[in-house]
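As structure tokens, the structure follows; a few thoughts come after it.
The values are calculated or read from the model by the stated rules, or taken from the named source; none is laboratory data. Small disclaimer: the values here were computed from a predicted structure and weren't measured. For neighbour counting, all protein chains shown are included, and Cβ atoms are generated from backbone atoms with ideal geometry for every residue, glycine included.
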Amino acid sequence: MEHYLAIIINAYKGYANYLWNEITFQYDYKPWWENYFYMLILVSAAFFAMEIFKPWRKEQARFRKDFWLDFFYMFFNFFLFSLVVYNALSDVFVNLFNDFLGIFGITNIIAIKIEQWSRVAQLFTLFIVRDFIHWWGHRALHKVPFFWEFHKIHHSVEQMGFAAHLRYHWFENVFYRTIEYIPLSMIGFGIDDFFLVHMFTLAWGHFNHANFKLSLGPLKYIFNSPQMHIWHHAYHLPKDRPVGVNFGITLSVWDYIFRTDYIPYNGRDIKLGFPGVEKFPHDFVGQNMHGVVPEKHNTSSSSNKEDDMLKKEN
């Protein structure tokens with residue numbers, strides 16, 4: 001027990017020092033562009049500028065509904081949650097998992113040593129594997145009623161903008177990191193490679209949610225876009241697919257392969273959210289307690305979306 005307590009204490013200290021060093025540039029072991037804190041701000045500022053100078057929905061306010069709430073989510077989910085809870089828990093989980101493997105004499109689970117490949121091949125493999133894992137995870141967040149209750153926070157966005165990308169329940173941090181841990185460990189990914197892939201997917205996630213239009217041409221069958229992702233956030237879903245459509249995170253190709261793609265027409269002005277979003281908490285605390293604290297009048301689960309729509313229409 002003392003061993004894991006020490007892990008928790010060291011995790012808190014380590015992440016607090018890391019975050020402080022990121023903010024103050026007190027390091028000499030990496031280039032400036034690998035500064036996670038300021039790269040997040042820089043990428044976000046770039047997409048905000050795109051929304052200002054070339055908005056897709058011209059009537060939407062620059063500081064759209066819940067802009068500042070989503071802005072806070074951006075820093076909470078990427079930094080504060082790790083400082084307060086996640087980093088310590090993840091360190092404990094990794095050590096518990098390794099100790100469990102040790103019982104069976106397993107010292108590592110690397111199945112494919114991609115560090116022996118070229119840098120380009122490593123980055124490409126990490127990106128494809130991670131995105132594929134996240135696609136299935138995202139689909140599970142919609143299909144499993146228990147998971148959907150947490151994922152509702154992301155779908156409570158009623159006006160789309162780049163920062164909506166990072167409005168999600170803290171549970172999703174735990175969920176995605178858990179399901180990707182073993183597969184990525186099995187290919188022996190490096191932390192530097194993870195940073196590069198993560199920053200690319202972060203930027204593309206901002207793009208998918210931005211009030212911005214860019215024609216991708218044939219690449220739309222490979223990469224996600226605001227014009228595709230807007231339908232993922234649609235209030236009214238197709239009757240034959242009540243749990244959702246367009247689950248792609250960065251890549252759209254999985255949706256085309258597994259036939260979950262759906263772009264019936266230009267969705268610029270469609271209603272966003274889900275049946276019951278009007279009664280969903282609109283504050284940070286209320287949203288993050290949703291799914292954790294039992295509520296007397298929960299909004300419908302994903303399995304009841306279609307019924308709710310039919311009732312509302314009738």
Any hit, the range 248-257, residues being over 22 Å from R130 (Cβ atoms) and either at pLDDT below 95 or part of a loop (DSSP other than H, G, I, E, B) (or both): no
Hits in the range 260-280 (condition: surrounded by fewer than 16 Cβ atoms within 10 Å (Cβ to Cβ) and either over 17 Å from A210 (Cβ atoms) or touching a Cys at 6+ places or on another chain (Cβ under 8 Å) (or both)): P264, Y265, K271, E278, K279
Filter pass, M186 being among the hydrophobic types (A, V, I, L, M, F, W, C) and surrounded by fewer than 17 Cβ atoms within 10 Å (Cβ to Cβ): yes
Residues (in a helix (DSSP H, G or I) and of a type in the set (A, V, I, L, M, F, W, C)) located in the range 211-237: L219, M228, I230, W231
Test: residue in the range 82-102 that is of a type in the set (D, E, K, R) and at pLDDT below 85: yes
Residue check, L166 within 22 Å of W56 (Cα to Cα), at pLDDT below 95 and touching a Leu at 6+ places or on another chain (Cβ under 9 Å): yes
